[in-house]
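Working notes, beginning with the structure itself.
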Amino acid sequence: MATLNFGGVEENVVTREEFPLEKAREVLKDEVVAVIGYGVQGPGQALNQKDNGINVIVGQRKNSKSWDKAVADGFVPGETLFEIEEALQQGTIICYLLSDAAQIEYWPKVKQHLTPGKALYFSHGFGITFNERTGIVPPAEVDVFLVAPKGSGTSLRRMFLQDRGLNSSFAVYQDATGKARERVTALGIAIGSGYLFETDFKKEVYSDLAGERGTLMGAVQGIFAAQYEVLRKNGHSPSEAFNETVEELTQSLMPLVAENGMDWMYANCSTTAQRGALDWWKRFRDATSPLFEELYDSVAKGNEAQRSIDSNSKSDYREKLEVELTELRESEMWRAGKTVRSLRPENN
């Protein structure tokens, strides 16, 4: 492992220099990696491993859209694509990438195939951390670990095809074979991680649930909506409100932050923008900190996990989800955004 300084704190990370792809292939040469589920993370992780020369198979329900997608992606029924139970039987490493609700539903079937020496792999600490709610308690004779890419499966695949890597966290929950750390590190490299930083299952799921509800998705949509509505109420047109709220941020400023950091982006904006941003950022921090404290407390108490389990397990979940997504999609802000995106030069 390499020891790097993160803002004054030293942490251990795994880089591709010390653990190259050739080493990952050697560690995994006798393994059959069974990717169970072909929804959000499954395609990116399975395809990246396949392209990296790992012996990977996919387990998915037959006659489903995800089955058809796996076939379209090059997985061959009866050779590298199987019904879930067959893939579970063949796999020596089970990549359990179903949704959290589906993991609860399929767990009795999965557990039957976790024979001694196998490994159970997650990309989220949810099922293990909240096992009193999920019932997911692995046998003692198997390795249990996770690699959690810090982004969607789509981003993982896209960056892989661009010869880039998405950073991922990793954790070992149970080391039955003495090889869990080596196995999980090899898998982290094989799925296309740029580097790996260490955590544990509890910290991974707490940070993930807080992040998704916070700055990654929930908070940013709330802030977008608030600013857009204020601009519209004060007479600004939809195109102006959207451009000043979303388009400039996502297309111009965030790429600069990603490349060089917020301080560099501030330094390369107008002096008027610099002054305003420096004057106002702490007020936004102070205004939202109590809400983030409330959010983290809700995560730590298991309330967010239970809400997800209760909601996502219902038979009409997809229908209700579509109603909520339609509310976003049909809002003036995102309808304006659709028009703005259509005007980008690369889309013409």
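The values are calculated or read from the model by the stated rules, or taken from the named source; none is laboratory data. Bear in mind the structure is a predicted one, so any value in this text is a computation, not a measurement. Note: ideal-geometry Cβ built from the backbone for every residue, glycine included; neighbour counts use all protein chains shown. Ligands, DNA and RNA are excluded from the accessible area calculation, which covers all protein heavy atoms including side chains. Shrake-Rupley method; radii C 1.70, N 1.55, O 1.52, S 1.80 Å.
Values as computed for the structure displayed
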read-out	value
Derived scalar couplings ³J(HN,Hα) [the range 205-214; Karplus, 6.51 cos²θ - 1.76 cosθ + 1.60; whole Hz; x for Gly, Pro]	6, 5, 5, 5, 5, 5, x, 4, 7, x
Cα radius of gyration and Dmax for the range 161-202 (Å)	11.3, 36
Prolate/oblate/rounded call for the range 63-102, Cα gyration tensor, a/c under 1.5 rounded	oblate
Listed pairs K202/K301; K118/K301; K23/K179; K23/K50; K65/K202; K118/K179 exceeding 21 Å between Cα atoms	K118/K301; K65/K202
Net charge of Cβ neighbours under 11 Å - reference A24; Lys, Arg +1; Asp, Glu -1	+1
For the chain, built as a Gaussian network whose Cα springs stay under 10 Å, the top-fluctuating residue of E22, E259, E105	E259
Euclidean distance of C-alpha centroids, the range 94-142 and the range 39-63, integer Å	18 Å
Length released on extending from R61 to V137, taking residue separation times 0.36 nm less the Cα-Cα span	25.0 nm
Antiparallel content of DSSP bridges confined to the range 38-156, in %, to 5	0 percent
Share of alpha-carbon pairs per 10 Å distance bin for the range 182-330, given as whole %	8, 24, 33, 26, 8, 1
The range 288-345: mean projected area of Cα convex hull, nm²	6.4 nm²
Descending semi-axes in Å of the chain, equivalent ellipsoid built from Cα gyration tensor	37, 24, 21
Accessible surface, the chain, averaged per residue in Å² (probe 1.4 Å)	55 Å²
Expected 222 nm ellipticity per residue - DSSP helices of 4 or more, -39500 (n - 2.57), all of the chain, to 500	-15500 deg cm²/dmol
Percent antiparallel among DSSP beta bridges (both partners in the chain, rounded to 5)	40 percent
Viscosity 0.692 mPa s, 37 °C: Kirkwood-radius Stokes-Einstein D of the range 122-269 over Cα pairs, µm²/s	181 µm²/s
In Hz, Karplus ³J(HN,Hα) per residue of the range 228-242 (6.51, -1.76, 1.60; θ = phi - 60°; x = Gly, Pro)	4, 5, 5, 4, 5, 5, 9, x, 7, 6, x, 5, 5, 4, 5
Computed E for E248/D316 - FRET, C-beta separation, R0 30 angstrom, nearest 0.05	0.15
Helix 332-342 axis, angle to the chain major axis (alpha carbon atoms, nearest 10°)	80 degrees
3J(HN,Hα) from dihedral phi, the range 315-324, Karplus parametrisation 6.51/-1.76/1.60, rounded to Hz, x for glycine, proline	5, 9, 4, 4, 5, 5, 4, 4, 4, 5
For C95, residues with placed amide H under 5 Å, excluding near neighbours	A34, V35, I36, Y121
Whether the range 1-132 is rounded, prolate or oblate, judged on the alpha carbon gyration tensor where a/c under 1.5 counts as rounded	prolate
Cα Rg over Rh - the range 251-306, Kirkwood	1.18
